[in-house]
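Down below is the structure, laid out as structure tokens.
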Amino acid sequence: MMSETKSVLFVCLGNICRSPTGEGILLHLAQQQDLESRLLIDSAGTSGYHVGQPADLRMTECASRRGYRLLSRSRQLTHGDLHEFDLVIAMDRSNQEAIAAINSEPTATVCLLSDFLEGDWPVDVPDPYYGGADGFEEVVDMIEAACPKILAQLLE
Ligand code: 4NP
């Protein structure tokens, strides 16, 4: 039997740090488990500040040291995304609010990355852009911890 394709969109502010990392890590996990053909995995930013740009080099290098490739180009979230994707995962509450402002009646399930975490994690994935190296490591830590649960929910 053909299984239906499920789609997930990671969303942050610039679409050059946190959400490309979500996309890259979930894709890696899906490929490892030979599930790539059943999933559509993408990312977008609530701002248009960096449209067309690849992921931030600090983020790309941090992810690469942990075995992940970040290949996306920044694009801005659209109203249509909130109908076209099954699951939309905001990296923090501020982006979750921005999503609600773009489309107050999405058909997508909109949630926070931290909804997929158990234990002592922050509610928001901290914005690493203006901080030091630790911030980029924390982005990978949080997303790595959440991705198995995200995958499980998508395949339910
Ligand atoms: P991101 O990080 O939302 O994780 O992609 C940021 C990237 C750029 C800016 C802020 C956050 N910025 O202000 O340009």
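Quick look at the numbers
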item	result
Search result, residues across region 110-127 that are within 16 Å of the ligand (Cβ to nearest atom) and part of a loop (DSSP other than H, G, I, E, B)	122, 123, 124, 125, 126, 127
Condition broken by residue 69, with the remaining ones in (1) away from the ligand (no atom under 16 Å from the Cβ); (2) of a type outside the set (Gly, Ala, Ser); (3) surrounded by 17 or more Cβ atoms within 10 Å (Cβ to Cβ) satisfied	(3)
Any hit, region 76-95, residues being more than 14 Å from the ligand (Cβ to nearest atom), in a helix (DSSP H, G or I) and in contact (Cβ under 8 Å) with a residue 60 or more places away in the chain	yes
Of all residues in region 59-75 being without any contact (Cβ under 8 Å) to a residue 60 or more places away in the chain and in a loop (DSSP other than H, G, I, E, B), the one that is farthest from the chain's Cα centre (by Cα)	67
Tally, over region 56-77, of residues that are within 16 Å of residue 15 (Cα to Cα) and of a type in the set (Lys, Arg)	4
Single unsatisfied condition, residue 138 versus (1) over 25 Å from residue 39 (Cβ atoms); (2) away from the ligand (no atom under 15 Å from the Cβ); (3) assigned to a helix (DSSP H, G or I)	(2)
Residues of region 1-58 satisfying the condition of being in a strand (DSSP E or B), more than 16 Å from the ligand (Cβ to nearest atom) and crowded, with 18+ Cβ neighbours inside 10 Å	6, 8, 39, 41
Failed item, numbered, when residue 130 is tested on (1) more than 11 Å from the ligand (Cβ to nearest atom); (2) of a type outside the set (A, V, I, L, M); (3) exposed (fewer than 15 other Cβ atoms within 10 Å of the Cβ)	(1)
Selection count where residues are exposed (fewer than 14 other Cβ atoms within 10 Å of the Cβ) and small (Gly, Ala, Ser), scope region 107-127	1
Odd one out for residue 144, checked against (1) assigned to a helix (DSSP H, G or I); (2) of a type outside the set (Gly, Ala, Ser); (3) out of contact with any Lys or Arg (no Cβ under 8 Å at 6 or more places or on another chain)	(3)
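To keep it simple, each residue is scored yes or no on (1) more than 24 Å from residue 102 (Cβ to Cβ); (2) acidic (Asp, Glu); (3) touching a helix residue (DSSP H, G or I) at 6+ places or on another chain (Cβ under 7 Å).
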site: 14; (1), (2), (3): no, no, no
site: 30; (1), (2), (3): yes, no, yes
site: 34; (1), (2), (3): yes, yes, no
site: 40; (1), (2), (3): no, no, no
site: 44; (1), (2), (3): no, no, yes
site: 52; (1), (2), (3): no, no, no
site: 62; (1), (2), (3): yes, no, yes
site: 66; (1), (2), (3): yes, no, yes
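Every number in this text was worked out from the coordinates using simple rules, so none of it is lab data. Because the structure is a prediction, the values reported are computed rather than measured. Positions of Cβ are backbone-derived with ideal geometry, glycine not excepted, and every protein chain shown enters the neighbour counts.
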